[in-house]
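The values are calculated or read from the model by the stated rules, or taken from the named source; none is laboratory data. Since we're looking at a predicted model, the values are computed, not measured. Methodologically, a virtual Cβ is constructed for each residue, glycine included, from the backbone with ideal geometry; neighbour enumeration extends over all protein chains shown. These accessible areas exclude ligands, DNA and RNA; they are computed on the full protein's heavy atoms, side chains included. Shrake-Rupley method; radii C 1.70, N 1.55, O 1.52, S 1.80 Å.
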Amino acid sequence: MALIKTCENSSNSNSEGSKSGSWRIGSLIRKKQVDSVHITRRDTHLQLAKKLSVFDLIAMGVGATIGAGVYILVGTVAREHAGPALTISFLIAGIAAALSAFCYAELACRCPSAGSAYHYTYICIGEGVAWLVGWALILEYTIGGAAVARGITPNLALFFGGEDNLPTFLARHTIPIVGIVVDPCAALLVIIVTVLLCIGIKESSSAQMVVTTINVGALLFIITAGGYLGFKTGWAGYKIQSGYFPFGINGMFAGSAIVFFSYIGFDSVTSTAEEVKHPQRDLPLGIAIALSICCILYMLVSVVIVGLVPYNALDPDTPISSAFSSYGVQWAVYIITIGAVTALFASLLGSILPQPRILMAMARDGLLPSFFSDINKNTLVPVKGTVATGIFAAALAFFMDVSQLAGMVSVGTLLAFTTVAVSVLILRYVPPDEMPLPSSLQGSIDSVSLRFGRNIVESDGRISRSPGSCETDGQFLHEKGEIHHPLIFGGTALEKISELTRRKIAAWAITFVCLGILAFASAASVEVLPSILRFTFCGVGGALLLCSLIVLARIKQDNGRHSFGHTGGFACPFVPFLPAACIFINTYLLIDLGAATWIRVSVWLVIGALVYALYGRKHSSLSDAVYVPSAYANEIYLHSSGSLA
């Protein structure tokens with residue numbers, strides 16, 4: 001107990017105002033541990049059912065990614081930006097998406113949790129940023145699901161001969177007084193998907209596999225039949241005088257930035273990590289194969305469509321159907337419509353499925369009410385969270401035309417992509433070397449501290465503390481000299497100081513990488529700034545980014561990364577360059593969303609900040625956590641198990 005009192009006395013010696021301010025900052029940067037065997041053994045709550053295979057993950061990834069957007073995007077982007085070079089635009093966007101996929105794959109292996117990007121950010125960056133990511137993802141999945149459901153109605157109406165012929169209970173109606181157009185069909189579809197998700201994860205994945213198979217079949221029909229027509233007629237779309245790059249290289253890259261959003265959805269696979277039978281093997285395979293299938297299908301469809309009809313003659317609303325109609329194949333519209341409807345239904349499943357699991361992860365950590373963390377004992381899925389999500393999304397789809405809010409959907413994903421890439425850099429160079437333990441283990445912590453005497457304190461002066469309350473490792477080592485206990489460090493104090501210096505240099509380099517990218521991307525994206533100011537910011541940001549990357553490339557990565565989380569599995573290649581490229585692409589796209597989108601998103605984020613300040617911060621499971629050096633955690637858990645036995 002002497003060690004604890006020492007830290008407490010040290011903390012209490014500060015002024016009340018300083019202590020309060022430090023506590024607030026500490027709550028934002030405190031980190032949780034990777035969900036591990038220690039958690040599982042002590043968790044008395046039900047666990048999610050582990051029933052998913054790699055084939056289920058592929059179906060989920062493809063279904064959530066390939067929405068009806070591909071049936072429209074090929075016309076809009078080809079006409080206005082890329083021309084016949086649309087295929088290359090899809091390839092570039094696919095490569096950019098693959099950068100994020102590499103980062104997700106590593107973290108999904110090391111930290112297989114239902115929280116996905118929220119969970120990874122909480123472990124590597126801290127509670128404050130993790131809350132913002134989780135809160136933004138809630139917005140994304142809710143608006144995304146409602147928008148997709150609203151998009152199904154006009155496509156479904158084609159089978160009835162138009163929206164006017166839809167049954168009354170499915171047709172859209174306008175409320176006279178307020179002028180709101182309600183969509184019963186959209187709300188009904190959300191309810192059907194919600195019921196399906198409540199039945200069980202295996203049943204949901206089976207349904208996803210069926211509708212995804214139909215959608216892929218429709219796309220293969222477009223590719224096959226369109227290819228036949230193209231070879232038969234000589235590919236009229238590629239014979240235009242303007243050539244393959246009518247809008248130049250810049251137009252091709254502008255098209256890539258737009259079609260990049262058609263790859264959003266593969267990340268929903270990681271939200272089911274706790275339900276995968278073999279997560280370390282199947283999650284990277286599922287992400288990689290799903291993304292590859294989507295990229296290949298997108299490219300082949302674009303090759304066929306811009307080859308059948310000149311890009312400037314494509315119908316921006318129904319490019320694929322009109323292309324086939326121009327060759328007298330009007331009946332193909334029914335197959336294309338079936339593909340669009342199933343694509344939307346699969347995308348709806350992919351939008352609603354992750355949200356209850358993110359809510360569950362946040363509730364487990366105490367940031368949301370425990371209501372959302374309850375798992376049904378019969379279906380082994382978070383039924384309460386799923387029902388709450390479904391009701392809210394159904395109400396939104398019924399009452400609101402969310403098309404104007406579509407840009408807000410991208411913020412959550414791009415923010416998640418960015419923080420996941422930053423988390424990979426942190427994991428490789430400065431992985432967390434402390435572990436938060438529940439205060440119920442205080443007795444075991446005291447016993448282990450007494451057993452090793454002052455050596456634990458000499459190894460880490462922060463053993464029973466909240467973040468920011470005791471002296472740092474470097475300060476303590478300068479005062480104490482050598483470290484005698486070999487559990488954590490087997491050398492001299494000089495070696496320990498060298499390691500601390502390396503970690504500090506790496507941490508600052510990662511910080512400057514992010515700042516350099518922010519400065520460069522802002523200057524490149526914001527065109528209202530004067531040219532001299534833009535060039536200055538680009539130069540400073542580029543130099544900062546380049547120098548920081550050189551520093552990271554020259555220093556060695558932390559050895560602790562090998563034992564962090566669940567060992568084995570996929571490792572992201574080309575670190576630090578690949579994560580830095582991922583951060584740059586997503587930061588640029590975030591800034592490029594426009595001021596109107598960010599004003600709307602800011603309102604949601606401010607609401608989230610208030611919820612966190614009033615509830616999440618106080619009820620966080622880390623509010624009374626005791627931080628110990630990671631090397632002593634197993635010893636403490638073993639002592640605790642022995643005491644219970």
(request) Select, from 568, 616, 541, 608, the only residue that is touching a residue at least 24 places away in the same chain (Cβ under 8 Å), assigned to a loop (DSSP other than H, G, I, E, B) and of a type in the set (Gly, Ala, Ser). (result) 568
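Rundown of residues vs (1) closer than 17 Å to residue 70 by Cβ; (2) at pLDDT 90 or above, yes/no style:
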position	(1), (2)
229	no, yes
232	no, yes
235	no, yes
243	no, no
248	no, yes
265	yes, no
(request) Restricting attention to segment 499-517, report how many residues are more than 30 Å from residue 592 (Cβ to Cβ) and either out of contact with any Phe, Trp or Tyr (no Cβ under 9 Å at 6 or more places or on another chain) or among the β-branched types (Val, Ile, Thr) (or both). (result) 4
(message) Exactly one of these conditions fails for residue 44: (1) open to solvent by 70 Å² or more (accessible area, probe 1.4 Å); (2) at pLDDT 85 or above; (3) of a type outside the set (D, E, K, R); (4) not in a helix (DSSP H, G or I). Give me its number.
(response) (2)
(message) Looking at (1) closer than 26 Å to residue 336 by Cα; (2) open to solvent by 40 Å² or more (accessible area, probe 1.4 Å); (3) without any contact (Cβ under 8 Å) to a residue 12 or more places away in the chain, which one does residue 250 not meet, given that it meets all the others?
(response) (1)
(request) Return yes or no: is residue 190 among the aliphatic types (A, V, I, L, M), open to solvent by less than 30 Å² (accessible area, probe 1.4 Å), over 17 Å from residue 395 (Cα atoms) and assigned to a helix (DSSP H, G or I)? (result) no
(request) Working only within segment 308-333, note down all residues that are hydroxyl-bearing (Ser, Thr, Tyr), outside any helix (DSSP H, G or I) and closer than 18 Å to residue 69 by Cα. (result) 318
(message) I'm trying to understand the selection: among the residues of segment 362-377, which are in a helix (DSSP H, G or I) and either more than 23 Å from the chain's Cα centre (by Cα) or surrounded by fewer than 24 Cβ atoms within 10 Å (Cβ to Cβ) (or both)?
(response) 363, 364, 370, 371, 372, 373
(request) Determine whether residue 130 is over 20 Å from residue 57 (Cβ atoms), part of a helix (DSSP H, G or I), open to solvent by less than 10 Å² (accessible area, probe 1.4 Å) and hydrophobic (A, V, I, L, M, F, W, C). (result) yes
(request) Name the single residue, out of those in segment 517-568 being under 24 Å from the mean Cα position of the chain (by Cα) and hydroxyl-bearing (Ser, Thr, Tyr), that is least open to solvent (accessible area, probe 1.4 Å). (result) 525
(message) Regarding segment 457-465, can at least one residue be identified that is at pLDDT 50 or above, more than 18 Å from residue 121 (Cβ to Cβ) and in a helix (DSSP H, G or I)?
(response) no
(request) Kindly indicate which of 336, 296, 305 is surrounded by fewer than 18 Cβ atoms within 10 Å (Cβ to Cβ), assigned to a helix (DSSP H, G or I) and not hydroxyl-bearing (Ser, Thr, Tyr). (result) 296
(message) Can you find a residue that is more than 23 Å from residue 400 (Cα to Cα), in a helix (DSSP H, G or I) and either open to solvent by 60 Å² or more (accessible area, probe 1.4 Å) or at pLDDT 90 or above (or both) anywhere in segment 160-180?
(response) yes
(message) Conditions first: (1) of a type in the set (Gly, Ala, Ser); (2) open to solvent by 60 Å² or more (accessible area, probe 1.4 Å); (3) in contact (Cβ under 8 Å) with a residue 40 or more places away in the chain. Residue 580 passes all but one, so which condition is the exception?
(response) (2)
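Return yes when residue 406 is modelled with pLDDT of 90 or more and either surrounded by fewer than 17 Cβ atoms within 10 Å (Cβ to Cβ) or of a type outside the set (Val, Ile, Thr) (or both) and no when it is not.
no
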(message) Out of 380, 349, 344, 359, I need the residue that is open to solvent by less than 10 Å² (accessible area, probe 1.4 Å) and either more than 27 Å from residue 149 (Cβ to Cβ) or touching a residue at least 60 places away in the same chain (Cβ under 8 Å) (or both). Which one?
(response) 349
(request) Being of a type in the set (A, V, I, L, M), touching a Ser or Thr at 6+ places or on another chain (Cβ under 7 Å) and surrounded by fewer than 24 Cβ atoms within 10 Å (Cβ to Cβ) narrows it down to one of 72, 92, so name that one. (result) 92
(message) For segment 243-285: of the residues being touching a strand residue (DSSP E or B) at 6+ places or on another chain (Cβ under 8 Å) and assigned to a helix (DSSP H, G or I), which is nearest to residue 311 (Cα to Cα)?
(response) 283
